[in-house]
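Trainee: The structure's right below; bear with me while I get my questions together.
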Amino acid sequence: MLTKPAIHVTNLHFRYQDNGQELLNIPDWQVEQGQSLFISGPSGSGKSTLLNLICGALVPTSGNIDILGGAFSQLRGTQRDAKRAKHIGVVFQQFNLIPYLSVRQNIQAAAYFAGAVKQNLDVRLLDFFTQLQLEPALLDRQASLLSVGQQQRVAIVRALINSPEILVVDEPTSALDANARDAFMEMLLKLTQTNKSTLLFVSHDSALAGYFEQHISMAELSTLGAESL
Ligand SMILES: Nc1ncnc2c1ncn2[C@@H]1O[C@H](COP(=O)(O)OP(=O)(O)OP(=O)(O)O)[C@@H](O)[C@H]1O
């Protein structure tokens with residue numbers, strides 16, 4: 001059975017308004033559903049920018065990004081926000097938890113923005129906490145009081161709580177030592193496989209590529225489909 005690609009990028013060009021140079025030029029690129037993909041590239045090559053475009057925090061200067069077979073980057077802001085909340089989980093480099101809210105409130109906020117506060121939210125929360133070896137008592141702790149490792153795991157729970165089809169992860173291991181990094185990667189891969197999510201993971205650390213089914217560099221992305229233009 002043919003399934004629609006999780007992500008389809010066509011003729012994408014991107015430049016920051018206050019920075020004249022074109023940063024991204026991706027002619028034609030698809031990511032299939034369920035795939036785990038590692039995107040590497042040196043610092044400044046546009047990895048975080050690409051993820052921000054895919055999750056709709058930025059819009060292309062020109063070109064299109066479709067998500068799950070439907071328009072995404074072309075949608076108006078609120079529609080795009082709603083589609084992101086429903087279908088895309090994001091783990092940022094700095095985790096971006098809301099510091100003055102409790103862990104539970106941080107996760108509930110993500111469920112709320114997806115438009116469906118699921119009845120079994122608490123059950124799912126506790127299940128994730130068990131899998132990630134997080135104490136349930138942490139649920140009522142203020143997010144600013146968590147250790148870096150705890151913040152990272154809570155950020156994963158928040159990203160996965162709505163069972164998104166697509167999980168986008170930006171360099172989450174830079175603050176970890178080698179053992180903690182390996183444990184984190186195994187946990188992330190296991191959770192995304194259980195969830196059957198498409199995983200996009202960016203890092204400048206090519207040592208992590210072995211965890212993924214596919215690996216592409218930012219330089220290769222710029223040439224995909226170029227011959228057919
Ligand atoms: N808001 C912005 N306005 C203007 N330029 C920006 C902005 N954000 C990033 N840039 C520039 O765009 C380029 C790509 O940045 P980006 O953060 O996407 O790269 P990266 O590959 O993720 O880097 P790193 O591995 O260091 O995180 C850099 O030159 C950066 O200075």
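Readers should treat all values here as calculations from the given coordinates under stated rules, not as data from a laboratory. Not measured: the values here are computed from a predicted model. Here Cβ is always computed from backbone atoms with ideal geometry, including for glycine, and neighbour counts include all displayed protein chains.
Trainee: Would you tally the net charge around LEU132, using a Cβ to Cβ cut-off of less than 14 Å, leaving LEU132 out, and scoring K and R as +1, D and E as -1?
Mentor: Combined, the nearby Lys, Arg, Asp and Glu give +1.
Trainee: Around GLY70, what is the net charge, scoring Lys/Arg as +1 and Asp/Glu as -1 over all other residues with Cβ under 13 Å from its Cβ?
Mentor: Neighbourhood net charge equals +3.
Trainee: Between region 165-215 and region 134-160, what is the C-alpha centre distance in whole Å?
Mentor: Comparing the Cα centres of region 165-215 and region 134-160, I get a distance of 18 Å.
Trainee: If the only charges are +1 at each Lys and Arg Cβ and -1 at each Asp and Glu Cβ, what is the size of the charge dipole of the chain around the Cα centre, to the nearest 20 debye?
Mentor: Charge dipole, the chain, about its Cα centre: 760 debye, nearest 20.
Trainee: State the Cα centre-to-centre distance between region 36-81 and region 1-27 in whole Å.
Mentor: If we compute the Cα centre of each part, the gap is 7 Å.
Trainee: Grab the eigenvalues of the alpha-carbon gyration tensor for region 11-118, scale each by 5, take roots, and send me the semi-axes largest first in whole angstrom.
Mentor: That gives 26, 17, 14 Å for the three semi-axes.
Trainee: Let me ask something additional. Each label point is 7 Å from the Cα along the Cα-to-Cβ direction; what then is the distance between the points at GLN74 and ASN120, in nm?
Mentor: 3.7 nm
Trainee: Between SER62 and LEU101, what FRET efficiency comes out of the Förster formula 1/(1 + (r/R0)^6) with R0 = 41 Å and r the beta carbon distance, rounded to 0.05?
Mentor: 0.65
Trainee: Where does helix 178-195 land angle-wise versus the long Cα axis of the chain, in degrees 0 to 90, nearest 10?
Mentor: With both axes taken from Cα atoms, the answer is about 80 degrees.
Trainee: Another one. How far, in degrees from 0 to 90, does helix 121-131 lean away from the longest principal axis of the Cα atoms of the chain, to the nearest 10?
Mentor: 90 degrees
Trainee: Next up: Per DSSP helix of 4 or more residues, -39500 (n - 2.57); summed, then divided by the residues of the chain. What does that give at 222 nm, rounded to the nearest 500?
Mentor: Theoretical 222 nm ellipticity from helices: -10000 deg cm²/dmol.
Trainee: Place +1 on the Cβ of every Lys and Arg and -1 on the Cβ of every Asp and Glu in the chain, take the dipole about the Cα centre, and give the residue among LEU12, ALA180, ILE67 whose Cα lies farthest towards its positive end.
Mentor: Result: ILE67.
Trainee: In straight Cα distance, which lysines are under 20 Å from LYS4, not counting same-chain residues fewer than 8 positions off?
Mentor: Result set, ordered by chain and number: LYS83, LYS86, LYS196.
Trainee: Can you return the aspartates and glutamates within cross-link range of LYS190? Criterion is Cα-Cα under 17 Å, with same-chain partners fewer than 8 residues away left out.
Mentor: Excluding near neighbours in sequence, the set is ASP127, GLU165, ASP182, GLU213.
Trainee: May I ask for the Rg/Rh ratio of region 7-228, computed from Cα atoms with Rh as the Kirkwood radius, given to two decimals?
Mentor: Radius of gyration relative to Kirkwood radius: 0.96.
Trainee: Helix 77-87 versus the longest principal axis of the chain: what angle, 0 to 90°, nearest 10, using Cα atoms?
Mentor: Tilt relative to the chain: about 60 degrees.
Trainee: Taking the Cα atoms of region 82-164, report the difference between the largest and smallest coordinate on each principal axis, in whole Å and largest first.
Mentor: 31, 26, 21
Trainee: Contact order normalised by length for the chain, with contacts defined as Cα pairs under 8 Å and 6 or more residues apart; what percent is it?
Mentor: It comes to 31 percent, rounded to a whole number.
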